[in-house]
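I have placed the structure first, in the form of structure tokens, so that the comments after it can refer back to it.
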Amino acid sequence: MAIKEKVRGAATTTSAAEPRSEGTQVVLRELVAHLRASRTELRENWIRKIVEARLLTSMTKEEVFAEATAVYDNYVEVLESGSVDALQAYARDLSERIIPRGVETHEVVGIVLLLRDVLARSLFGKYKQDYALYNVVLDAYEPAANRIANTVAVGFVQERERIIRQQQEAIRELSTPVLQVRERLLILPIIGVVDAQRARQLTEQLLRGIRGNRAKVVVIDITGVPSVDSKVANHLVQTVEASRLLGAMVIVTGLSSEIAQTLVTIGVDLAKMKTVGDLQGGIEEAERLLGYKVTQVAETRPTLESAK
Amino acid sequence: MEVPILKQGDYLIASIQAALSDADLLRLRDDLAQRVGRFRSRGVIVDVTVLDVMDSFAVRTLRNIGQILKMRGAETVIVGIQPEVAFAMVQLGLTLTDVWTALDLEESISFLDRLMKAGRTQGE
Amino acid sequence: MNDIAISISSDQDIVIARQRGRELAAKLGFSSTEQIAIATAISELSRNIVEYAKRGEVILSLTPSQGNGRGSLQITARDRGPGIPDVALAMRDGYSTSRSLGLGLPGTRRLMDEFEIVSKPGKGTTVTIRKWI
């Protein structure tokens, strides 16, 4: 979970408590006391609005109640302490729990905004007879409430991005298998589009494979790569060169005539690369280099001889 | 940090023990050039397993070592380049010519044996 | 985190700077491939300082998360040396043909996620590179 740790580290750098004036402090203290006293009623009110707005429909009633309670308490705590650290941590945990359930960004933002409105309305009810004081209360409440909404939304989005990055990585890993076919011989069949990031990942995996398997020869088959431009070609050259640095020889197979022409046109130095027409030929060549002697079994020999 | 150089039959083995400064690398070059002559060595193995950075200067110096030793009658094999280091080297655009490469010590010795037997003296 | 400044004036300092860079990168959770890319980039930039400006400094710092939600490890290499007369030329990649390795700037850029260079002839050079966390 290294990636998550990094995101956490980065996010907390902006979460220091905001400085507040003394007047604001007094108002906020009173506000917090009010919200604590009306906790049950306001929470009920809020949950009802969540249901009415058809938010968090993928969660059970009990789950919504539990999360709503936690968010409410965190919310009041942020108002009291001025620090969003605890809320931030909670928002990430919450996101981690609810993202796999299919909860969307608009739902998370929606419920936080609903809570903001429920509380603002309650404050209006409490202070409506003193309009001046009500304005002072709102001046203290609104920035804090906006900051809370922002924290929760950002926490959710960051968590989602983290998951997406993780999934991308997993997919990429699956799409570049390094296979050992014989002792000291690896095959890397590349299928699909190769961009800079994939090329990087592919090279890293191959190099690790070379070291791990003590490979001496690698066959890279690019039959399944639809197009090769100068960037991809350069990556290929880099992969070949890096493998050589480790002490392994690379044979590239599956260069179509179009790709071969492209390579010549863009001036890629093919002299450095050993190429063989197809994967089978590449493996045979690799076996020769490794000193394997492949002999045909008796049954097939007659056809071979007749072919001569 | 001086790099210890061991003589083993026809070969010299230099195993780098820690990060090297430019001056250390140049001293390694000079030491090898001198000893190849003194011991009439035919192959030199430089083990770089512990190096976590091979920048332009290191690569240039290793190349020079390969060129100089060849003139003194010995082939140079670099062994133990780490996958991450190799990756950084190619991204940086460095190519390590004039030397051979092998996975590890064992591999490099059998490689040199074969090379000597075949009587080949040409590097890549 | 406080910035880490390493003054560069000898080949020993190059080794120190890249080691500090790698340690910090490891602490920040970078993969070993990334750590080595960072250390190698620092080595190249420090080398340019020693070679062309005699002295200068390398500063390691942490930038807060940007729009993409990711902070970065930032390395600034600066000197008051002669500066680079033609930055565009110095940034041109000639590694495939040329035997001389130039300033290694295009390669350094490939090792990192972001790369900026400011150079004034007679005033000095500042190169800033970043790797996203």
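The values are calculated or read from the model by the stated rules, or taken from the named source; none is laboratory data. Here the structure is a predicted model, which is why all the values come from computation and not from measurement. Cβ atoms come from the backbone with ideal geometry, glycine included; neighbour counts cover every protein chain shown. Just the protein is used for accessible areas: all its heavy atoms, side chains included, with ligands, DNA and RNA removed. Shrake-Rupley method; radii C 1.70, N 1.55, O 1.52, S 1.80 Å.
Things worth noting here:
- Number of positions in the range B:3-18 that are surrounded by fewer than 18 Cβ atoms within 10 Å (Cβ to Cβ) and of a type outside the set (S, T, N, Q): 6
- Residue list for the range A:199-224, filter: among the charged types (D, E, K, R) and open to solvent by less than 20 Å² (accessible area, probe 1.4 Å): A:D221
- Condition met for A:Q88 (surrounded by 15 or more Cβ atoms within 10 Å (Cβ to Cβ) and either more than 14 Å from every other protein chain (Cβ to nearest Cβ) or at pLDDT below 90 (or both)): yes
- Residue, nearest to B:M116 (Cα to Cα), within the range B:1-53, restricted to residues that are among the hydroxyl-bearing types (S, T, Y) and under 13 Å from the mean Cα position of the chain (by Cα): B:Y11
- Cross-chain or 6+ apart pairs with Cβ under 8 Å, the range B:93-121 first and within 15 Å of B:R42 (Cβ to Cβ), then open to solvent by 40 Å² or more (accessible area, probe 1.4 Å) and assigned to a helix (DSSP H, G or I): B:W100/B:F111; B:T121/B:K70
- Pairs meeting the criteria (first residue in the range B:16-43 and without any contact (Cβ under 8 Å) to a residue 24 or more places away in the chain, second residue among the aromatic types (F, W, Y) and open to solvent by 10 Å² or more (accessible area, probe 1.4 Å), beta carbons under 8 Å, at least 6 apart or on different chains) are lacking.
- Comparison of A:T69, A:T24 shows that the only residue that is open to solvent by less than 80 Å² (accessible area, probe 1.4 Å), of a type in the set (S, T, N, Q) and modelled with pLDDT of 90 or more is A:T69.
- Taking the range A:100-144 as the range and being farther than 18 Å from A:K49 by Cα, open to solvent by less than 30 Å² (accessible area, probe 1.4 Å) and of a type outside the set (S, T, Y) as the test, the residues that pass are A:V137, A:L138, A:A140, A:A144.
- Qualifying residue in the range C:45-63 (condition: more than 21 Å from B:A23 (Cα to Cα) and in a loop (DSSP other than H, G, I, E, B)): no
- If you filter the range C:89-110 down to residues that are modelled with pLDDT of 85 or more and out of contact with any strand residue (DSSP E or B) (no Cβ under 8 Å at 6 or more places or on another chain), you find that the one that is surrounded by the most Cβ atoms within 10 Å (Cβ to Cβ) is C:G107.
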